[in-house]
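Participant: Following this message is one structure expressed as structure tokens.
The values are calculated or read from the model by the stated rules, or taken from the named source; none is laboratory data. Please read all numbers here as calculations on a predicted model, not as lab measurements. Using ideal geometry, Cβ is built from the backbone for each residue, glycine included, and neighbour counts are taken over all protein chains shown.
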2 protein chains.
Amino acid sequence: MSQIDINFQDAQKAFLTLKTLDKNKIAGFLEEMAKQIEAIRDDLIPSASRESHLPEGRITGELGRTLGQIRLFAQLVDEGSWVEATIDHPDPDRKPAPKPDIRRMLKALGTVVVFGASNFPLAFSTAGGDTVSALAAGCPVIYKAHPAHPETSRMVAEAIKNAVRISGLPKGTFQHVEGGIDTGQEMVAHPLAKAVAFTGSFRGGKALFDTCNARENPIPVFAEMGSVNPIFVLEGYLSKQIESAAAAYASSLSLGVGQFCTNPGLIFIPKSHEEAFSAAVVDSLKEVAGAPMLHEGICHTYYQALEALSQSKKLTWLLDSEETDVLTGNVALAKVKASDWLSDEAFQEEVFGPFGIIVVYEQEDQLQALVENLKGQLTCTIWAEEEELKNRTALLHLLEEKCGRLLFKGVPTGVEVGHAMQHGGPFPATTDSRSTSVGTYAIKRFARPVAYQDMPESIWPDALKEGNPMGILRKVDGAWVSY
Amino acid sequence: MSQIDINFQDAQKAFLTLKTLDKNKIAGFLEEMAKQIEAIRDDLIPSASRESHLPEGRITGELGRTLGQIRLFAQLVDEGSWVEATIDHPDPDRKPAPKPDIRRMLKALGTVVVFGASNFPLAFSTAGGDTVSALAAGCPVIYKAHPAHPETSRMVAEAIKNAVRISGLPKGTFQHVEGGIDTGQEMVAHPLAKAVAFTGSFRGGKALFDTCNARENPIPVFAEMGSVNPIFVLEGYLSKQIESAAAAYASSLSLGVGQFCTNPGLIFIPKSHEEAFSAAVVDSLKEVAGAPMLHEGICHTYYQALEALSQSKKLTWLLDSEETDVLTGNVALAKVKASDWLSDEAFQEEVFGPFGIIVVYEQEDQLQALVENLKGQLTCTIWAEEEELKNRTALLHLLEEKCGRLLFKGVPTGVEVGHAMQHGGPFPATTDSRSTSVGTYAIKRFARPVAYQDMPESIWPDALKEGNPMGILRKVDGAWVSY
């Protein structure tokens, strides 16, 4: 029996125990997890900062977000309505056949394999949104540590294990595995794995997706693989605020050395204002000092991608990024005519780092074709005056076809953790556009409905009992009620 | 441009129009569809009966179910809460950054390709649950007619097209395509296809699943591929009602010539009562006359499967089915020791037709291992006295891991159409255990969430407006409210 096999056996044992626990126990465990992680913050912040090269201020913010989302899931579980309890009462007198009693609710899928991301050593890693939403659903998690921040990952894993122990949950509830790509592949191929969550590169996510679909029993893979998050700017809007628009773009593009999956790698600008806008963006970006990227591999890939793009005669470089050392990401900016952008898919491939392309369009009636040719995105943003949108219903409908989140103001970086957030989008942004990896709906990825027909009252789960002892929202005989 | 390409272009045009319609328009169209189909019932019933060889009484029942489910989806759409409208209000004063306004709802996926089933020429075919739930979500449907009932399919398609015309919807809302396997593959490979729904064989469903995962942009496939729907019978229960249990089993097994995806192909019986039970089942089944199957291909496959099983020395045949002609399905029954059943996966492969295997177990502590070795099922059934279940929590938990619907009384055949129904289960029963193909939750397969950030009030969709003009259930700042 391999170590991975032992991990899965332990997780399966834990799963069968987790199924017997009531919601308060799971919610309490999540609260305890937040507490344990908070208790090590003075060691955690310098560690995560050192390993990721992200400044302590940024890591401090990320820790707050991580704790906030753990507590948000604790509340969600404690409230309890997420299980979609649905009851259709029986009718023994119905003709031609009696109507049975059917009660349905969501149940945890089983062991989930989670892969963390290098760009969020806390919020999308060991105790990140994927781990927490899976645990909240009642699934054991086997977490594959990201090799870019091993110490940080171990520290968080210990905190989670402390919470598991203090809460009296089985040891197999959370397990931390270190290893390379082969280990990850062995994990997702294991017969007891029931779902996979991943945040990272297209190549990495697609490889997991292919492995899991080729299994004897295919399992869902929720891979968030990033995108170029285009911003479409209309003329009326731009003419009124060219400076602030340029500053906002430059700031979002270079935030965190451009290492966000929501980094706006493309911006579509009308020709009429392009020169002034470009000049203003360049001015802003010139002020941005190069900064260390997450690791040398990412930095190397960044410059390789720029080098490849520099072969294209269609791009005009407004800011040429120089590779000053093996870790520093320097901003880069290019522009391209809309007709040329359409001719080469390379111009919409994600370049992970502080690089953007300004796409210059002639007239607004070009936008429809540009959006039609856009691949699936996590976000699309439109900057327009309200009255400019009134006759643009078709464009807005097309834009929402291409993304999971559509912004009208602001920038796509900075993903709010809440109930309404959708962080997911059509392929290749993710492998399942019907799911989100941020926000409370993320829990739904790790559960499936089970219907009980004519189940004896004495074994009804609390969520499905008459009288609704949990006080949750339920669909009873077709009506949503909480009594 | 191929004909299929033209179909998808038309569907896409229709999709962009459907997106602009309010819910009443879609609900009205579904009502009209039911009306148009009802109007041709006197022609439809004999046609479906003639093509499927199912008796008119059965087809009459199926028509009622078909109309009922269309109207149920009309109500669901009219009520409107299925879109999961979720609003997180902004907070401009939040530190360090203002909190944006985020509004999320489910939006239709786009064009759905639906494949009908031969065993339900109405309820799982042209205007069946897949077509209707996709249309209800606002998705255009391109329907691939089942070659086993072409006339019936054309008649229903005409009725749907009448409803489309009368309701003023675009022509591309529903399209009917006839062809072979190649046509089906071309359809699901089309770039504009956004999801696939299928009911049929494992081979057929798995082939579609593989094609869609290998696309440049993979799309979800909701394939319901059937199962053997085991019944587990405990000793206390059986000792009290051996005759009625045997009669119920025999009746469910032979219903509709065994041509249901919920046909109970396996029944687990304690050794203590096996002989009496088997004798009673045989007595009941002897009364069942052979009846025509759906088509010669299915009949041929049925006898081939029995022939293959008859090579096994582990099976004892209680009723040997003879191939009397190319269409008649005659019942067959075999038994096997539990330990032998465990040794050969062939004993849990679906045999489509009136064939069952009685698995004889020695003691109840064997059941855990038997269930552990069970593949994913649409349904599992346990027949037990209520007090026999009290110490069987682990067994019940394991059983629910294996299926989408767990029954405590009655038989798995006869799938109730309602809100709480779950018709789906772990692979290989379906390709997505998180979905159902029967009941109102089926609509969720064909929609995905979109979040709007800081969208101007003047373009808020009705579902997301302040004041809740649609009066639907919404999650607002974390609380479920309908005001």
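Participant: Test B:SER433 against the criterion of being facing another protein chain (nearest Cβ under 7 Å) and assigned to a helix (DSSP H, G or I), and give yes or no.
Facilitator: Working: facing another protein chain (nearest Cβ under 7 Å): yes; assigned to a helix (DSSP H, G or I): no.
No, not satisfied.
Participant: Considering only region B:380-410, state which residues are part of a strand (DSSP E or B) and farther than 25 Å from B:ALA442 by Cβ. Break it down into steps so the answer makes sense when it comes.
Facilitator: As a first pass, look at region B:380-410 and keep what is part of a strand (DSSP E or B): B:380-383, B:403-407.
Answer for region B:380-410, where residues must be part of a strand (DSSP E or B) and farther than 25 Å from B:ALA442 by Cβ: B:ILE382, B:TRP383.
Participant: Residues of region A:81-99 being over 21 Å from B:HIS397 (Cα atoms) and either more than 9 Å from every other protein chain (Cβ to nearest Cβ) or not small (Gly, Ala, Ser) (or both), which ones?
Facilitator: Those that are over 21 Å from B:HIS397 (Cα atoms) and either more than 9 Å from every other protein chain (Cβ to nearest Cβ) or not small (Gly, Ala, Ser) (or both): A:ASP88, A:HIS89, A:PRO90, A:ASP91, A:PRO92, A:ASP93, A:ARG94, A:LYS95, A:PRO96, A:PRO98, A:LYS99.
Participant: While we're here: I'm trying to understand the selection: among the residues of region A:11-38, which are of a type outside the set (Gly, Ala, Ser) and within 14 Å of chain B (Cβ to nearest Cβ)? Before you say what the answer is, go through the steps one by one.
Facilitator: Restricting attention to region A:11-38, the residues satisfying the condition of being of a type outside the set (Gly, Ala, Ser) are A:12-13, A:15-26, A:29-33, A:35-38.
Selection gives A:GLN12, A:LYS13, A:PHE15, A:LEU16, A:THR17, A:LEU18, A:LYS19, A:THR20, A:LEU21, A:ASP22.
Participant: Now a separate question. Could you pull out the residue among A:GLU387, A:GLU362 that is at the interface with chain B (Cβ under 10 Å from one of its Cβ atoms), of a type outside the set (A, V, I, L, M) and either more than 28 Å from A:GLN311 (Cα to Cα) or surrounded by fewer than 19 Cβ atoms within 10 Å (Cβ to Cβ) (or both)? Please lay out each step first, then the result.
Facilitator: Working: A:GLU362 fails: at the interface with chain B (Cβ under 10 Å from one of its Cβ atoms).
It is A:GLU387.
Participant: Determine whether region B:387-398 contains at least one residue that is free of Cβ contacts under 8 Å to residues at least 12 places away in the same chain and over 29 Å from B:PHE232 (Cα atoms).
Facilitator: no
Participant: Separate question: From the list B:GLU322, B:GLU401, pick out the single residue that is more than 25 Å from B:SER239 (Cα to Cα), at pLDDT below 95 and not small (Gly, Ala, Ser).
Facilitator: Just a single option satisfies the conditions, and that option is B:GLU322.
Participant: Among the candidates A:GLU274, A:GLU216, A:GLU186, A:GLU178, which residue alone is among the acidic types (Asp, Glu), surrounded by fewer than 22 Cβ atoms within 10 Å (Cβ to Cβ) and within 19 Å of A:TYR361 (Cα to Cα)? Walk me through how you get there before you give the answer.
Facilitator: Values: A:GLU216 fails: within 19 Å of A:TYR361 (Cα to Cα); A:GLU186 fails: within 19 Å of A:TYR361 (Cα to Cα); A:GLU178 fails: within 19 Å of A:TYR361 (Cα to Cα).
Going through A:GLU274, A:GLU216, A:GLU186, A:GLU178 in turn, the sole match is A:GLU274.
Participant: Could I ask something else about it? From B:TYR483, B:TYR441, grab the single residue that is part of a loop (DSSP other than H, G, I, E, B) and of a type in the set (Phe, Trp, Tyr).
Facilitator: Numbers: B:TYR441 fails: part of a loop (DSSP other than H, G, I, E, B).
Among B:TYR483, B:TYR441, only B:TYR483 is part of a loop (DSSP other than H, G, I, E, B) and of a type in the set (Phe, Trp, Tyr).
Participant: Checking B:PHE427 against (1) within 7 Å of chain A (Cβ to nearest Cβ); (2) within 26 Å of A:THR381 (Cα to Cα), which test does it fail?
Facilitator: Going through the list (1) within 7 Å of chain A (Cβ to nearest Cβ); (2) within 26 Å of A:THR381 (Cα to Cα), B:PHE427 breaks only (2).
Participant: Only one residue in A:ILE166, A:ILE142 is touching a residue at least 40 places away in the same chain (Cβ under 8 Å), in the same structural domain as A:ARG203 (by TED's automatic domain parsing) and under 22 Å from A:GLY204 (Cα atoms). Which one?
Facilitator: The conditions single out A:ILE142.
Participant: Scanning for something on the phi < 0 side of the Ramachandran plot and within 12 Å of chain A (Cβ to nearest Cβ), does region B:39-57 turn up at least one residue? It would help to see each step written out before you state the result.
Facilitator: The initial filter retains those residues of region B:39-57 that are on the phi < 0 side of the Ramachandran plot, namely B:39-52, B:54-57.
Next cut, within 12 Å of chain A (Cβ to nearest Cβ) only: B:57.
For region B:39-57, residues on the phi < 0 side of the Ramachandran plot and within 12 Å of chain A (Cβ to nearest Cβ): present.
Participant: Further question on the same structure: Across region A:404-424, what is the number of residues that are more than 7 Å from chain B (Cβ to nearest Cβ) and closer than 17 Å to A:TYR249 by Cβ? Outline the logic, then answer.
Facilitator: Here is the first cut: in region A:404-424, the residues more than 7 Å from chain B (Cβ to nearest Cβ) are A:411-413, A:415, A:417, A:423-424.
After this cut, where a residue has to be closer than 17 Å to A:TYR249 by Cβ as well, the list is A:411-413.
Going through region A:404-424 one residue at a time, the tally reaches 3.
Participant: In this structure, does A:LEU76 turn out to be under 23 Å from the mean Cα position of the chain (by Cα), surrounded by 20 or more Cβ atoms within 10 Å (Cβ to Cβ), assigned to a loop (DSSP other than H, G, I, E, B) and modelled with pLDDT of 95 or more?
Facilitator: On the way: under 23 Å from the mean Cα position of the chain (by Cα): yes; surrounded by 20 or more Cβ atoms within 10 Å (Cβ to Cβ): yes; assigned to a loop (DSSP other than H, G, I, E, B): no; modelled with pLDDT of 95 or more: yes.
Answer is no for this residue.
Participant: Moving on to the next point. Kindly list the number of the only condition in (1) crowded, with 19+ Cβ neighbours inside 10 Å; (2) under 21 Å from A:ILE443 (Cβ atoms) that fails for A:PRO170.
Facilitator: Answer for A:PRO170: the failing condition is (1).
Participant: Now a separate question. For residues that are more than 10 Å from chain B (Cβ to nearest Cβ) and not in a loop (DSSP other than H, G, I, E, B), scanning just region A:452-473, find the one that is farthest from B:THR393 (Cα to Cα).
Facilitator: The extreme case among them is A:ALA463.
Participant: Working carefully through the options B:ALA39, B:ALA108, find the one that is surrounded by fewer than 23 Cβ atoms within 10 Å (Cβ to Cβ), at pLDDT 95 or above and not assigned by TED's automatic domain parsing to the domain that holds B:ALA291. Even if it seems obvious, please write down each step before you answer.
Facilitator: Numbers: B:ALA108 fails: surrounded by fewer than 23 Cβ atoms within 10 Å (Cβ to Cβ).
Every option except B:ALA39 fails the conditions.
Participant: Additional query: For region A:390-403, which residues satisfy the criterion of being more than 9 Å from chain B (Cβ to nearest Cβ) and surrounded by 21 or more Cβ atoms within 10 Å (Cβ to Cβ)?
Facilitator: Once the filter is applied, which keeps residues that are more than 9 Å from chain B (Cβ to nearest Cβ) and surrounded by 21 or more Cβ atoms within 10 Å (Cβ to Cβ), region A:390-403 yields A:LEU399, A:LYS402.
Participant: Which of the residues spanning region A:167-223 are within 12 Å of chain B (Cβ to nearest Cβ), in a helix (DSSP H, G or I) and closer than 17 Å to A:PHE8 by Cα? Steps first, answer last, please.
Facilitator: Pass one, region A:167-223, residues within 12 Å of chain B (Cβ to nearest Cβ): A:191-192, A:194-195, A:205-206, A:209-223.
Those left that are additionally in a helix (DSSP H, G or I): A:205-206, A:209-213.
A:CYS212, the sole residue that qualifies.
Participant: Output the residues belonging to region A:100-117 that are more than 35 Å from the chain's Cα centre (by Cα) and more than 7 Å from chain B (Cβ to nearest Cβ).
Facilitator: A:ASP101
Participant: May I ask you to say which residue of A:GLY410, A:GLY414, A:GLY478, A:GLY467 is touching a His at 6+ places or on another chain (Cβ under 8 Å) and surrounded by fewer than 18 Cβ atoms within 10 Å (Cβ to Cβ)?
Facilitator: Going through A:GLY410, A:GLY414, A:GLY478, A:GLY467 in turn, just one is touching a His at 6+ places or on another chain (Cβ under 8 Å) and surrounded by fewer than 18 Cβ atoms within 10 Å (Cβ to Cβ): A:GLY478.
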